[in-house]
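Asks: Structure provided below as structure tokens; questions to follow.
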Amino acid sequence: MPGADSKTIIGKISYTNAWPVFHYVHPSILDTPAEMITAVPAALNRGMHSGEIHIGALSSFAYAEMSDRLLLLPDLSVSADGAVNSIFLFSKKPLDALKNATIALTNTSATSVNLLKILLEKSLGGTYSYRTCEPVLSEMMAEADAALLIGDHAIRATWSHSDYYKTDLGQWWKEWTGCSMTFAVWAVNRHAVKQNPEGMAEIAAMFLESKQRSVSDLSPIVDEAVRRIGGTGGFWMKYFSNLCYHFDERQQEGLRLYFKFAYELGLLEREVVPELWNEKLSIRVNK
């Protein structure tokens, strides 16, 4: 774990949906020595679990599994109150005809995989066979009736595979529960807070500043998405504008319900109540 003078490792989600919180995060301008690594959620989850990553983003489900060693950073999430537009179940048949189907699951995140299991088993009903696969839709569908893709893999698949039925998991969750859904959170290792509270607070404040600057003007992030991923500026502006990066009571309510259902299905070993780090964070703009 980092002391006040050792290097802190920051975890950055590679998917576009988290870009606004990271766009203006530059470890080189921090007072506390830090380095940022970029990876898909599954890799970041492992790093947070091992303690190799001290602060940053991870999937909501992974936070629940290790909530005893993490604290949530205030007012940061990737959430959607309805359609999320980057988490899709692609299927050969309509959703209501998928009972007892074989489902191919992406290996890049835990939150969406377990959200799908909750929706299938509690909302749709039935018993399912699950296979975890690399996120390549053509290969997934060769051995399954439906396939779950998330993030940029899902976005690209919607552009090139119009022959499948597509179900947006955020919209399905909203229609079934009436709640928002939080897919990713920002957290800090409890021990890292004890060892270097000022450094962790500085990094958390930089996240909040980046979020605020990005939400106030999404144009630079939209331009980067067009350049790196493809698509149109209009598509990306609508995509980012639709997502919620706050973590208010609305988002916390939906996340608590998600954790409740995950526990009831045996996906989580214990009941989880999200715990926020209550440190007062001062934002220093344009340091």
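The values are calculated or read from the model by the stated rules, or taken from the named source; none is laboratory data. None of these values were measured; they are calculated from a predicted model. Backbone-built Cβ (ideal geometry, glycine too); neighbour counts: all protein chains shown. To get the accessible areas, we keep the full protein, side chains included, count just its heavy atoms, and leave off ligands, DNA and RNA. Shrake-Rupley method; radii C 1.70, N 1.55, O 1.52, S 1.80 Å.
Asks: Is it the case that some residue within region 24-32 is closer than 26 Å to Q195 by Cβ and in contact with a Leu (Cβ under 9 Å, 6 or more places away or on another chain)?
Replies: no
Asks: Quickly run through region 89-104 and pick out the residues that are open to solvent by less than 10 Å² (accessible area, probe 1.4 Å) and more than 16 Å from W172 (Cβ to Cβ).
Replies: Across region 89-104, the qualifying residue is only A104.
Asks: Go through (1) within 16 Å of the chain's Cα centre (by Cα); (2) over 28 Å from N278 (Cβ atoms) one by one and return the number of the condition F183 breaks.
Replies: With (1) within 16 Å of the chain's Cα centre (by Cα); (2) over 28 Å from N278 (Cβ atoms) applied to F183, the lone miss is (2).
Asks: Report, by residue number, each residue of region 107-126 that is at positive phi and either in contact with a His (Cβ under 6 Å, 6 or more places away or on another chain) or of a type in the set (S, T, N, Q) (or both).
Replies: Those that are at positive phi and either in contact with a His (Cβ under 6 Å, 6 or more places away or on another chain) or of a type in the set (S, T, N, Q) (or both): none in region 107-126.
Asks: Can you report the number of residues in region 89-98 which are of a type in the set (A, V, I, L, M, F, W, C) and either in a loop (DSSP other than H, G, I, E, B) or out of contact with any strand residue (DSSP E or B) (no Cβ under 6 Å at 6 or more places or on another chain) (or both)?
Replies: Summing the residues that are of a type in the set (A, V, I, L, M, F, W, C) and either in a loop (DSSP other than H, G, I, E, B) or out of contact with any strand residue (DSSP E or B) (no Cβ under 6 Å at 6 or more places or on another chain) (or both) in region 89-98 gives 2.
Asks: I'm trying to understand the selection: among the residues of region 19-55, which are over 15 Å from the mean Cα position of the chain (by Cα) and polar (S, T, N, Q)?
Replies: If the condition is that a residue be over 15 Å from the mean Cα position of the chain (by Cα) and polar (S, T, N, Q), then S28, T32, S50 are the ones that fit.
Asks: If only one of S123, S91, S112 is in contact (Cβ under 8 Å) with a residue 40 or more places away in the chain, over 29 Å from S210 (Cα atoms) and in contact with a Leu (Cβ under 7 Å, 6 or more places away or on another chain), which one is it?
Replies: Of S123, S91, S112, the one residue that is in contact (Cβ under 8 Å) with a residue 40 or more places away in the chain, over 29 Å from S210 (Cα atoms) and in contact with a Leu (Cβ under 7 Å, 6 or more places away or on another chain) is S91.
Asks: Take I10 and decide whether it is more than 30 Å from E264 (Cβ to Cβ), hydrophobic (A, V, I, L, M, F, W, C) and out of contact with any helix residue (DSSP H, G or I) (no Cβ under 8 Å at 6 or more places or on another chain).
Replies: When the stated conditions are applied, I10 does not pass them.
Asks: Among (1) within 16 Å of the chain's Cα centre (by Cα); (2) under 21 Å from F240 (Cβ atoms); (3) of a type in the set (A, V, I, L, M), there is one condition M66 misses while meeting the rest; what is its number?
Replies: (2) is the only condition that M66 fails.
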